[in-house]
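Below is one structure, written out as structure tokens; comments come after it.
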Amino acid sequence: MKFFVDTAEIDAIAELNDLGMVDGVTTNPSLIKKSGRDIIEVTREICAMVDGPVSAEVTATDAETMIAEGRKLVEIAGNIAVKVPLTWDGLKACKVLSDDGHMVNVTLCFSANQALLAAKAGATFISPFIGRLDDINLDGMDLIQDIRTIYDNYGFETQILAASIRSVNHILDSARIGADVITAPPAVIKAMVNHPLTDKGLDAFLSDIKAAGIKIL
Ligand code: E4P
């Protein structure tokens, strides 16, 4: 399973990247706004740091302008994935940009039928939003499972990029189902290390190290 980091914060990406935890990055207009940075400038910095795909989202809603924006975004670096919304115009832009040979991430996916359309339009990634479905009392993991089944039934190569991840259990469940990629905020990825028995066990070892005066260096 690939790990993408869902942020436009350079320091947070760098910390995880140094550990080999970053297979790619996803941004969106809200994350760019939060960073307070210029989209082109910050995206260029991220692309220079990370080898894998870096998703940068278009701002237009009509296909023609989305395509023009996508063509400008891919000039930033060779690892840009153009992010387009799951609308009819977004699918048109996806088809054109994919046919041009660019990576396309179709975002704001909330149904398996939408995911089927994105795959038909040649999307490299489909981004189903788990957390936002959970927010309205639907089960986001059911969507991941449905898309996995449908894509496997027909051999679609579009990668399932589980997005809107809010908890470590979202990551675990996505891995169980076989999502190709998860994108999560840095804090959620870092929280995967936590276990109370690890803390308890380490406390006991530290106490014995002190009591026995064990030294290595
Ligand atoms: C994915 O590409 C999106 O940027 C992101 O996962 C959305 O997450 P949110 O629902 O927590 O805003």
At q = 0.13 1/Å the base-10 log of I(q)/I(0) from the Debye formula over the alpha-carbon atoms of the chain is -0.72
For the chain, longest principal axis from Cα atoms; helix 168-177 axis from its Cα atoms; angle between them, nearest 10 degrees, is 60 degrees
With the convex hull built on the alpha-carbon atoms of the range 124-166, volume per residue in Å³ sits at 49 Å³
Any lysines whose Cα falls less than 24 Å from that of residue 33, other than same-chain ones fewer than 8 residues away, would be 72, 83, 190
The range 184-212 scanned against label point 7 Å out from residue 167 along Cα→C-beta; backbone N under 15 Å for 188-189, 191-192
By the mean-Cβ-within-10 Å protection proxy, highest first, 51-57, 175-181 rank as 51-57, 175-181
For the range 209-216, in residue order, the Karplus 3J(HN,Hα) values (coefficients 6.51, -1.76, 1.60; θ = phi - 60°; whole Hz; Gly and Pro = x) are 4, 5, 4, 8, x, 5, 9, 10
To the nearest 10 degrees, the tilt of helix 39-49 (Cα long axis) against the first principal axis of the alpha carbons of the chain is 50 degrees
Whole-Å distance linking the alpha carbon centroid of the range 9-24 with that of the range 53-75 is 24 Å
To the nearest 10 degrees, the tilt of helix 88-99 (Cα long axis) against the first principal axis of the alpha carbons of the chain is 80 degrees
Excluding ligands, DNA and RNA, the carbon-plus-sulfur percentage of the accessible area of the range 2-192 with a 1.4 Å probe reads 51 percent
Hits in the range 125-140: amide N under 14 Å from the 7 Å Cα→Cβ extension of residue 176, namely 140
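The values are calculated or read from the model by the stated rules, or taken from the named source; none is laboratory data. Just so you know, these numbers come straight off a predicted model, no measurement behind them. For neighbour counting, all protein chains shown are included, and Cβ atoms are generated from backbone atoms with ideal geometry for every residue, glycine included. Ligands, DNA and RNA are excluded from the accessible area calculation, which covers all protein heavy atoms including side chains. Shrake-Rupley method; radii C 1.70, N 1.55, O 1.52, S 1.80 Å.
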